Amino acid sequence: MRLVVPHFGTRPAYFPLVVQSMAANPDVSWLLLTEQPVPDAPPNVAVQLCEFEALAKRIQSHFEFEISLERPYKLCDFRPAFGEIFADELTGYDFWGHSDLDLVFGRIRRHLPAAAFEADKILFNGNFSLYRNTAEAASWYRHEVGKVSYRDAMTNPAAMHFDERAGIYYIVEDLRAPAWHEDVIFDISFRRYRTRAEAPPGRDPRRYAWEEGEVCEYRLQRGRPVRRTALLIHLQKRVLRAPAPDVLTAERYWILPNGFAVQDRVTKWSVRAARIPRGKELLPFYLRRAQRWHRRRATRQAAAAGRTTVQV
């Protein structure tokens, strides 16, 4: 499998940990399109240096209508077309897909059973998704169903989430293409400070870690730590401090609400520590939440007044 990942602009402060987790999956290939070099990139991460404007022109050349691609974030709506756009770079692979960079990978193949690879579409997450590398699957996105249209998604300047359940999901369902989707990702909520998945069972916070290539979630059950692993942990919209040198060389580290720390051992007390955030860390988090709320309100007001077409 090969994952195509265009990324332009500022990278996450923990980007070295992302690359480290990629290196721990030597049987998976990444194609990273970016304007900045990646020092010491592992053999399974191919870095193709280019400017965003050059990539936008390449994507435009595949369509006879004028696309809207003024900012890198909009690239998400073009992901279902990567099979056609990057056909040359995907030659020889059985599956192609896309992933984000605001995450840390676990053992990817360990969480994709044989049944997954019998399907032509694996997962519907924007942060990680796969397609069988065939001409038919590469052209799925051109199929229109109901209000789901690739032309609308690619000409609207707003993010339409065409690569997820708002778009390609309905297309695959309408085509009755074989698909596999299970809960194999830790999607961490950005609406609260303490680390917790978007919709986990129970109300208690979880503690997350990267342990020798595995992404782990810990919770207490009857007073004892219970461990669960996943394909990746998605840290969307979280501002995390850059990892210290000891974390970069550690085989095990904790993924904290706003940073990383070397993991010495796992006890019920270290898991319970997820419930006790430091006050000095809470204030910046909720300040950013308030700032984000004000930005979104200003955007909604501008849209209502006809000054912008961006939707929030």
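The values are calculated or read from the model by the stated rules, or taken from the named source; none is laboratory data. This one's a predicted model, so the numbers in the text were calculated from it and none came from an experiment. In this analysis, Cβ positions are derived from the backbone assuming ideal geometry, glycine residues included, and neighbour counts consider all displayed protein chains. Remember, those area values only see protein heavy atoms, side chains included, never the ligands or the DNA or RNA. Shrake-Rupley method; radii C 1.70, N 1.55, O 1.52, S 1.80 Å.
Looking only at residues in segment 245-299 that are surrounded by fewer than 17 Cβ atoms within 10 Å (Cβ to Cβ) and β-branched (Val, Ile, Thr), which one is modelled with the lowest pLDDT?
Ranking the candidates gives 276 first.
Name the single residue, out of those in segment 204-223 being part of a loop (DSSP other than H, G, I, E, B) and at pLDDT 90 or above, that is farthest from the chain's Cα centre (by Cα).
212
Would a scan of segment 189-203 turn up a residue that is at pLDDT 90 or above and farther than 19 Å from residue 83 by Cα?
no
Any chance segment 54-75 includes a residue that's farther than 27 Å from residue 160 by Cβ and not polar (S, T, N, Q)?
no
Taking residue 192 and the conditions (1) on the phi < 0 side of the Ramachandran plot; (2) assigned to a loop (DSSP other than H, G, I, E, B); (3) touching a residue at least 12 places away in the same chain (Cβ under 8 Å), which numbered condition does it fall short on, given that it satisfies the others?
Here residue 192 meets the rest and fails (3).
Answer yes or no as to whether residue 74 is basic (Lys, Arg) and open to solvent by less than 20 Å² (accessible area, probe 1.4 Å).
yes
Considering only segment 42-57, state which residues are out of contact with any helix residue (DSSP H, G or I) (no Cβ under 7 Å at 6 or more places or on another chain) and either under 18 Å from residue 98 (Cβ atoms) or open to solvent by less than 70 Å² (accessible area, probe 1.4 Å) (or both).
Correct list: 46, 47, 48, 50, 54, 55, 56.
Go through (1) open to solvent by 40 Å² or more (accessible area, probe 1.4 Å); (2) not in a loop (DSSP other than H, G, I, E, B) for residue 3 and report which single condition fails.
Single failed check for residue 3: (1).
Going through segment 17-41 one residue at a time, which ones are without any contact (Cβ under 8 Å) to a residue 24 or more places away in the chain and either under 20 Å from residue 246 (Cα atoms) or assigned to a strand (DSSP E or B) (or both)?
Of everything in segment 17-41, those that are without any contact (Cβ under 8 Å) to a residue 24 or more places away in the chain and either under 20 Å from residue 246 (Cα atoms) or assigned to a strand (DSSP E or B) (or both) turn out to be 23, 39, 40, 41.
Pairs needed: first member in segment 253-275, farther than 20 Å from residue 190 by Cα; second member anywhere, part of a helix (DSSP H, G or I); C-beta distance under 9 Å; at least 6 residues apart or different chains.
253/17; 253/246; 253/247; 262/246; 262/247; 263/270; 264/270
What about residue 64, is it open to solvent by 40 Å² or more (accessible area, probe 1.4 Å), within 18 Å of residue 137 (Cβ to Cβ), more than 18 Å from the chain's Cα centre (by Cα) and at pLDDT 95 or above?
Spelling it out, it is not the case that residue 64 is open to solvent by 40 Å² or more (accessible area, probe 1.4 Å), within 18 Å of residue 137 (Cβ to Cβ), more than 18 Å from the chain's Cα centre (by Cα) and at pLDDT 95 or above.
Against the definition (of a type in the set (A, V, I, L, M), in contact with a His (Cβ under 9 Å, 6 or more places away or on another chain), within 21 Å of residue 108 (Cα to Cα) and surrounded by 16 or more Cβ atoms within 10 Å (Cβ to Cβ)), how does residue 185 come out, yes or no?
Criteria met by residue 185.
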